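Structure first, commentary second.
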Amino acid sequence: MSTPYAKLPGWADYGLIPVINLFVAFVVAGFVVMLVGENPLRAAAILVEGAFGRGQGIAFTLYYATTFIFSGLSVAVAVHCGLFNIGGEGQGYIAGLGIGVVCLAFDSVLPWWLTFPLAIIAAAAMGALWALIPAYLQAKRGSHIVITTIMFNFIAASVMVYMLVDVLKPAGSMAPQTRNFLEGGQLPKLNWIIELFGAKIRSAPLNVTFLLALVMAFLVWLLIWRTKLGYEMRTYGHSPKAARYAGISETRIIIIAMLISGALAGMMALNPVMGDQHNVALDFVSGAGFVGIAVALMGRSHPVGIVLAAILFGMLYQGGAELAFEMPAISRDMIVIIQGLVILFAGALEHMFRPHIQALFASISPRTVGIEAVKGKGA
Amino acid sequence: MDLFNAIAQTLDSTIRLSVPLLLACLAGLYSERAGIFDIGLEGKMLVGAFAGAAAASVFHSAYLGLGMAILISVAFALIHGFASITHRGNQIVSGVAINFIAAGSTIILGQAWFQQGGRTPALAPAERFEAIIWPGADAVRGVPILGPIYSELISGHSVLVYLAFLMVPFTWWVLFRTRFGLRLRAVGENPAAVDTAGISVAWLRYRALICTGVLTGVAGAYLSMVQNGGFVKDMTAGKGYIALAALIFAKWKPVNAMFACLLFGFLDALAIRLQGTPLPLIGRVPVQFMQALPYVLTVILLAGFIGKAIPPRAGGVPYVKER
């Protein structure tokens, strides 16, 4: 982002560097595990076993991954346009309101396959709406999008507490959440796919939203690399000056990118709300919007990378839950540390290892690296 | 008289609630004036709060606790510096990373060391900063108007409260009356000019971040050792972000920062005070509305509807010596 570096071969750029960053993040996390007095290697083994050892674990891993694919795509779309949307948390939270209204209104009259599209539209619309104001303010009034989206996260939290406690809570109930959705507001599970391979699943929340997430990942790829709009977004992200010179409207491109980003963040709410809990509860997003930042950085803002990184984080979430049973000293908050370390090494310190790797490549075969700093990387 | 007492009490809790905001806000002022965005105020406050309470309860000394809070908080500030100054990484990404590492590690280490669900043991009076009762505060309590003002508002706070308010003129003096301050402001506006003058941009920015770390450490220590007798997980609860909002609201000026923090602290105190009580004319105001107000105000300000907030010009841009 800041300094042009020489070009690396694609596999090193998209494969080697993320793996090195991830490795370092895990080594540091291992030190924290040691500080707590446990064996990091045993912890890692339990984590992987918990995430992939049984069908049950795999289904949970993919369930968590579904949410992270949406939040990762949301961050990535904005990043391609040079914007940092830190507001996925709030956009997803507020989208729960849209889904809630649709489900509460239609769950008794429509089957799930009619409620679902309506809920998708509602979720995307609410998420986009919550991103619209920060986008407009950035485009028209020059206020920093990071700050405004953070502020909107807090405003969303207040709005949702008010709506759930004072408006949507059924009379006579104490818990700040909506009533449970009927059949029309519940999405079918996908666990049978894993059971096809012979695994047994007692109950896991993996549901059709996972397929929607994969479709959206494909659509994002199509948008970013195969459409005029995506080209304009990447141009603006690379160089706002060049984009202006090329006649791309700054206001239009910022607002469109943020609307798409917000809509994707909004869809993230479908997974827990309709797929698992079947109600809108307080704090149902629980940090998934922020995980998207780590996922997008890890996946280098490419949909394939994002799906893989989302599965990795799904694994950490599911395996982390198992780990907490086996090693009481380690709670699920270990994941928050790993998430932070991944953001640090894959994001903020992305330039730390790169020069060394380039030097290494240059010493092995100078031709792979190109001669002098080639600005940008194209795709 | 009842009304007057209520007002005095609300103002008193305003002061208590604004102190952590004020310290964090001044902390942010140093780094942002030097051209380093700092979203990680929240995380640094949190590790400060944890380190302070943990050290105080282990070593039975409030001052050792404060020292440890500052030390750890500065260490986190230096990580931010290492990423964003030395390696020219994205400052916002780095700040976000610090917030997550802080949130996770305080809970994990707290649980592992003290086994109280992420809390630290409750601090004994000697391990906390006690309130300082000013001479004659009890004697004049009965005096109408002036009595409560002296005994409630001015007297009866801990040393960190007075320190926080003294930091306001001190920060103003450092920024606008010393050579270091002039250079610090210059490096936030035009680092190339500072570099041309033969001053190291990196070292100057590191020093600014150390100031930030010290102040967020004190802010964290205030939370866990004065406001609350021990660390509770996630006890900063967004205060770092409110401080950031206050910093923008104050247009990156120390005295304005104090008023912005007092305003946001007052809104908080009012929200607690008015919980459930109906107001004349307006009726019952939802608590959530009061809680969201600082954020809404900041957005409106950022939009340029109440004056224009212009950040330091080189903010967020890593400095590269030659292009």
Requested in this report: Scan the helices (runs of 4 or more DSSP H) fully inside region A:196-266 and keep the ones with 2 or more residues being modelled with pLDDT under 90 and in contact with a Leu (Cβ under 7 Å, 6 or more places away or on another chain).
Outcome: none
**Report entry** region A:22-64, subset at pLDDT below 85 and in a loop (DSSP other than H, G, I, E, B), residue nearest to the other protein chains (Cβ to nearest Cβ)
**Finding:** A:G37
Query raised in the report: Applying the selection to region A:271-302, what residues are under 15 Å from A:L341 (Cα atoms) and of a type in the set (A, V, I, L, M)?
Result: A:V291, A:I293, A:A294, A:V295, A:A296, A:L297, A:M298
Query raised in the report: Quick check, is A:V336 within 9 Å of chain B (Cβ to nearest Cβ) and either assigned to a helix (DSSP H, G or I) or buried (at least 24 other Cβ atoms within 10 Å of the Cβ) (or both)?
Result: yes
Query raised in the report: Across region A:69-122, which residue is surrounded by the fewest Cβ atoms within 10 Å (Cβ to Cβ) among those that are closer than 16 Å to A:N153 by Cα and of a type in the set (A, V, I, L, M, F, W, C)?
Result: A:F84
Query raised in the report: Hey, among A:L129, A:L211, A:L137, A:L219, which residue is of a type outside the set (V, I, T) and in contact (Cβ under 8 Å) with a residue 40 or more places away in the chain?
Result: A:L129
Report summary line: If you go through B:A186, B:A237, B:A246, the only one that is within 14 Å of chain A (Cβ to nearest Cβ), among the small types (G, A, S) and surrounded by 17 or more Cβ atoms within 10 Å (Cβ to Cβ) is B:A246
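Yes/no per residue for (1) of a type in the set (G, A, S); (2) buried (at least 18 other Cβ atoms within 10 Å of the Cβ); (3) farther than 19 Å from B:V93 by Cα:
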| residue | (1), (2), (3) |
| --- | --- |
| A:A12 | yes, yes, yes |
| A:I20 | no, yes, no |
| A:A25 | yes, yes, no |
| A:V33 | no, yes, yes |
| A:L47 | no, yes, yes |
| A:F52 | no, no, yes |
| A:G55 | yes, yes, yes |
| A:Y63 | no, yes, yes |
| A:T67 | no, yes, yes |
Query raised in the report: For region A:100-122, does any single residue satisfy the condition of being within 14 Å of chain B (Cβ to nearest Cβ) and in contact (Cβ under 8 Å) with a residue 12 or more places away in the chain?
Result: no
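Okay, residues lined up against (1) within 14 Å of another protein chain (Cβ to nearest Cβ); (2) touching a Lys or Arg at 6+ places or on another chain (Cβ under 7 Å):
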{"site": "B:I85", "(1), (2)": "yes, yes"}
{"site": "B:G117", "(1), (2)": "yes, no"}
{"site": "B:A126", "(1), (2)": "no, no"}
{"site": "B:G142", "(1), (2)": "no, no"}
{"site": "B:L153", "(1), (2)": "no, no"}
Query raised in the report: Looking at this structure, is B:G110 part of a loop (DSSP other than H, G, I, E, B) and among the small types (G, A, S)?
Result: no
Query raised in the report: Residues in region B:61-77: is at least one within 14 Å of chain A (Cβ to nearest Cβ), of a type outside the set (S, T, N, Q) and open to solvent by less than 10 Å² (accessible area, probe 1.4 Å)?
Result: yes
Query raised in the report: Just wondering, is there one or more residues in region B:90-109 that are farther than 23 Å from B:D234 by Cβ, within 13 Å of chain A (Cβ to nearest Cβ) and open to solvent by 10 Å² or more (accessible area, probe 1.4 Å)?
Result: yes
Query raised in the report: What tally of residues in region B:238-268 results from selecting those that are farther than 24 Å from B:F100 by Cβ, touching a residue at least 60 places away in the same chain (Cβ under 8 Å) and in a helix (DSSP H, G or I)?
Result: 12
Report summary line: Of B:S94, B:S57, B:S61, the only residue that is within 18 Å of B:G40 (Cβ to Cβ) and among the hydroxyl-bearing types (S, T, Y) is B:S94
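The values are calculated or read from the model by the stated rules, or taken from the named source; none is laboratory data. On a predicted model such as this, the values are computed, not experimentally measured, just so you know. For neighbour counting, all protein chains shown are included, and Cβ atoms are generated from backbone atoms with ideal geometry for every residue, glycine included. Each accessible area value is taken on the protein alone, full model and side chains, heavy atoms only, with ligands, DNA and RNA left out. Shrake-Rupley method; radii C 1.70, N 1.55, O 1.52, S 1.80 Å.
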